[in-house]
Amino acid sequence: MIIADDIELPENVVTLKSREDIKKRVAEMSKISQCHLMIGTPHHEDSIYDYLDITKHYEIKKFPLLKAGYVIEDGKIISGETNAPEMDHDLEWARMQLFECYTFGEFESQYQLKNVKFSKTLIDVDDLVANKTFTEDIVVEDDIIDFENGDVIHYYIKEERIKQMVIAWDPAYGKEGGDESVLAVLANTYDGNIYLFDIVDLPSYNVHTGSFQAQCEMIIDTCRKYHTKHIVVEENLSPMLKTELRRVAKEKKTHILIKGVYRGRGNNKEERIARAIEPVCKVGRLYIHDRVWYKSQLKIQLDQLGYSANDDAVDALATALDELVPQAIHNDYEADYNVIERTGEAHTLMYKTTLTGFA
């Protein structure tokens, strides 16, 4: 007999691939023994225990803390009966367990053995998307200006004039199971709203030539498509990517402005991403295009932020927000200091300090 204890954990059920790996390992157990005893609790809607029940090769027995018919309101157990009174697990004990749980999902999965998500996400995806998706694309004024020479053009989303647009590149080698190399295309308007137009998946790194040529060419094409020349490149992978991108832009005769940012190798990456995205969501200023929300990996990665091995799309979005939001606040001012008023011994120094927009 093989006894398997806790084959499903919060850390190994986040992605579809990891859940499939659990199924493969269980199948391999049958090569050793046909008698298995598995003890554990579910941690995901797509739980291995639910899968084993469907196969009809296993007999499932559940011993939840509370019997059916319990009532929970406002995060508190109002009524119910426990399944283990002989262990002094009365209703007050059950209420204490619910109070100590990190999330309600944790209580439902650990104590009621329901197939629900155990983990707490750093960003509330449901609040993020509520009435905040859009389908419109950029409208450019009729008098199009020479983009190749870096001239400013006027463009709009809905009826809002776009103030700035930035493309953030989160580069990666695109190895199987790892992050993809992606772009986030983000803009802010004079109305104070922020629009995420696209999450663009770039071609994989060419291991034979050691080149990012195809990625750089697609980045320049994306700049042309969205009429912007402002690119932010994360330099964690290589500080030479800016040089490579400049070379390709010169070949394609396109004027671009590139800024490199280095994020470091610390363990606070998820918190940094959440700090960038959550504030604009809470004030209801971030709008996400339908093609991004329903066709890219952004929604999944937001929902699993902090528990997933992949975060390329959310990282690119956070990088774009870090670049765009401060400029959205300060862009209307000049980058200089002017002494405006001096009165007796009381000196008042008033100055305007900000970055000048690129788009």
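Every number here is computed from the coordinates shown, using simple stated rules; none is lab data. As the structure is a computational prediction, the values presented were derived from the model and not from experiment. Glycine also receives a Cβ, built like all others from the backbone with ideal geometry; neighbour counts cover every protein chain displayed.
Would you work out which of 241, 286, 256 lies farthest towards the positive end of the dipole of the range 197-311, given +1 charges on the beta-carbon of Lys and Arg and -1 on that of Asp and Glu, about the Cα centre? Going by the Cα projections, it comes out as 256.
Rank-order 25-36, 215-226 by packing density, defined as the average count of other C-beta atoms within 10 Å over each peptide's residues, highest first.
Numbers: 25-36: 11.6, 215-226: 19.2.
Most protected by this proxy first, the peptides run 215-226, 25-36.
Which of rounded, prolate or oblate describes the range 1-70 when judged by the alpha-carbon gyration tensor and an a/c cut-off of 1.5?
Oblate, since a/c reaches 1.5 and b/c is not below a/b.
On the beta carbon distance between residue 89 and residue 54, with R0 = 25 Å, the FRET formula returns roughly 0.25.
Sorting 276-287, 313-324 by average packing, meaning the other beta carbons within 10 Å per residue, from highest down gives 313-324, 276-287.
Please report how far the C-alpha centroid of the range 187-254 lies from that of the range 37-91, rounded to the nearest whole angstrom. Spelled out, the Cα-based centre of one part sits 49 Å from the other.
In a fully extended conformation the segment linking residue 294 and residue 242 would gain 15.6 nm over its present Cα-Cα distance, using 0.36 nm per residue.
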